[in-house]
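The values are calculated or read from the model by the stated rules, or taken from the named source; none is laboratory data. Note that this is a predicted model, so its numbers are computed, not measured. Cβ placement follows ideal geometry from the backbone for every residue including glycine, while neighbour counts extend to all protein chains displayed. Side chains included, ligands, DNA and RNA excluded: accessible areas come from the protein's heavy atoms. Shrake-Rupley method; radii C 1.70, N 1.55, O 1.52, S 1.80 Å.
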Amino acid sequence: MSAEPLEIHLEEQDLGRSLREDVRAGLTATPKWLPPKWFYDARGSALFEEITRLPEYYPTRAERAVLAAHADDIAELTGAKTLIELGSGSSEKTRLLLEAFTRHGDLGTFVPLDVSVSALRGSTEQIAAAYPGLRVRGIVGDFTRHLDRLPTGGRRLVLFLGGTIGNLLPAERAEFLTAMRAALECGDWLLIGTDLVKDPSVIVPAYDDAAGVTAEFNRNVLRVINRELGADFDPEAFRHVAVWDPEHEWVEMRLRAEHPARVHVLDLEVGFAAGEELRTEVSAKFRPEGIARELAAAGFVRQEFWTDPDGLFGVSLARAD
């Protein structure tokens, strides 16, 4: 069975408008910032896939270990008929769950949601070919804006993997989880991956690898802005920095100006002092009791919490109450 035509709720002009709004807001703020979603053009996505295979980058391996160990439990506990994945990308880890549902349940539909048309088209065709009895319905959308477009009916399990929720600030997380609960019905399920608080000597190298792949990934946001908005950033004039914030228990990725610079973008002239930093990503780390509280505040009851054998990464299975 081939994948169904993509359901598109996010057009190119929507992405362009959103990029312009974010760049204007972030580069005129003090301190300056940009949201991490703009890393992920084709080159950025390829760089991130490379990052996930680096020896320093433990989250992907650790989360995969959890899913490999508990995919059958998830299939049996939820009995889901529809599997929805937010920010699906290649849906690589999701195949562990699809295999488990094939063994244990009668899953009928897989719905990946992603902002990238090309990534979604490729992954939906591959999954439809691998699971010929499965209805595959891709949605082009933004998980912070289009949760109300998720398909209804049948018992649903929503996947939000990769620790992506850590890229949202606390107020944004609360807003997202509340909107997620509003999009679900009582008895639906949410499976969410969260990187855990641990020694910064383990965390920081995952965001500042020895080979410099993460540095290239970080600077890629400047290349995206140059290409899409006609800006004149010199990406090589900015140094990649990863900093652990013990108060907030998160890592910040930043780009530090090596020398004074003036950048033209949109109708702005943006000045950078030598050493000035532009924040490009926050990646929050969680304590098990903390994510349980955040889920409960949004109307979820956590039923299970699993970690990899080394306790690096946690996966919560929660039911909409």
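So here's what we get for this one:
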| read-out | value |
| --- | --- |
| Count - residues of the stretch 176-209 that are open to solvent by 30 Å² or more (accessible area, probe 1.4 Å), touching a residue at least 12 places away in the same chain (Cβ under 8 Å) and out of contact with any strand residue (DSSP E or B) (no Cβ under 8 Å at 6 or more places or on another chain) | 6 |
| Hits in the stretch 29-65 - residues which are among the acidic types (Asp, Glu) and not in a loop (DSSP other than H, G, I, E, B) | GLU49, GLU50, GLU63 |
| Qualifying residue in the stretch 110-123 (condition: within 30 Å of ASP208 (Cβ to Cβ), part of a helix (DSSP H, G or I), modelled with pLDDT of 95 or more and not aromatic (Phe, Trp, Tyr)) | no |
| Criterion violated by ARG137 - all others in (1) open to solvent by 40 Å² or more (accessible area, probe 1.4 Å); (2) at pLDDT below 90; (3) within 23 Å of LYS81 (Cβ to Cβ) satisfied | (2) |
| Selection from the stretch 232-249 of residues that are touching a helix residue (DSSP H, G or I) at 6+ places or on another chain (Cβ under 6 Å) and without any contact (Cβ under 8 Å) to a residue 40 or more places away in the chain | PHE233, PRO235, HIS240, ALA242 |
| Residue ID - surrounded by the fewest Cβ atoms within 10 Å (Cβ to Cβ), chosen from residues in the stretch 283-305 that are in contact (Cβ under 8 Å) with a residue 40 or more places away in the chain and farther than 19 Å from ASP188 by Cα | ARG287 |
| Filter pass, VAL221 being farther than 30 Å from ILE74 by Cα and open to solvent by less than 10 Å² (accessible area, probe 1.4 Å) | yes |
| Which listed residue, of GLY163, GLY212, is under 27 Å from GLU50 (Cβ atoms), open to solvent by less than 40 Å² (accessible area, probe 1.4 Å) and touching a Pro at 6+ places or on another chain (Cβ under 6 Å) | GLY163 |
| Filtered residue count, the stretch 7-31, keeping only those that are crowded, with 16+ Cβ neighbours inside 10 Å and among the aliphatic types (A, V, I, L, M) | 5 |
| Hey, ALA206 part of a loop (DSSP other than H, G, I, E, B) and not aromatic (Phe, Trp, Tyr) or not | no |
| Residue among ARG227, ARG262, ARG256 that is within 27 Å of the chain's Cα centre (by Cα), surrounded by fewer than 19 Cβ atoms within 10 Å (Cβ to Cβ) and more than 25 Å from ARG17 (Cβ to Cβ) | ARG256 |
| Extreme residue, farthest from PRO205 (Cα to Cα), among residues of the stretch 22-77 that are more than 15 Å from the chain's Cα centre (by Cα) and polar (S, T, N, Q) | THR28 |
| THR152 in a loop (DSSP other than H, G, I, E, B), more than 26 Å from GLU281 (Cβ to Cβ), touching a residue at least 12 places away in the same chain (Cβ under 8 Å) and open to solvent by 10 Å² or more (accessible area, probe 1.4 Å) | yes |
| Of residues in the stretch 128-149 being in contact with a Gly (Cβ under 9 Å, 6 or more places away or on another chain) and aliphatic (A, V, I, L, M), the one farthest from ARG43 (Cα to Cα) | LEU134 |
| In the stretch 124-133, residue modelled with the lowest pLDDT [restricted to those that are open to solvent by less than 10 Å² (accessible area, probe 1.4 Å) and farther than 24 Å from VAL315 by Cα] | THR124 |
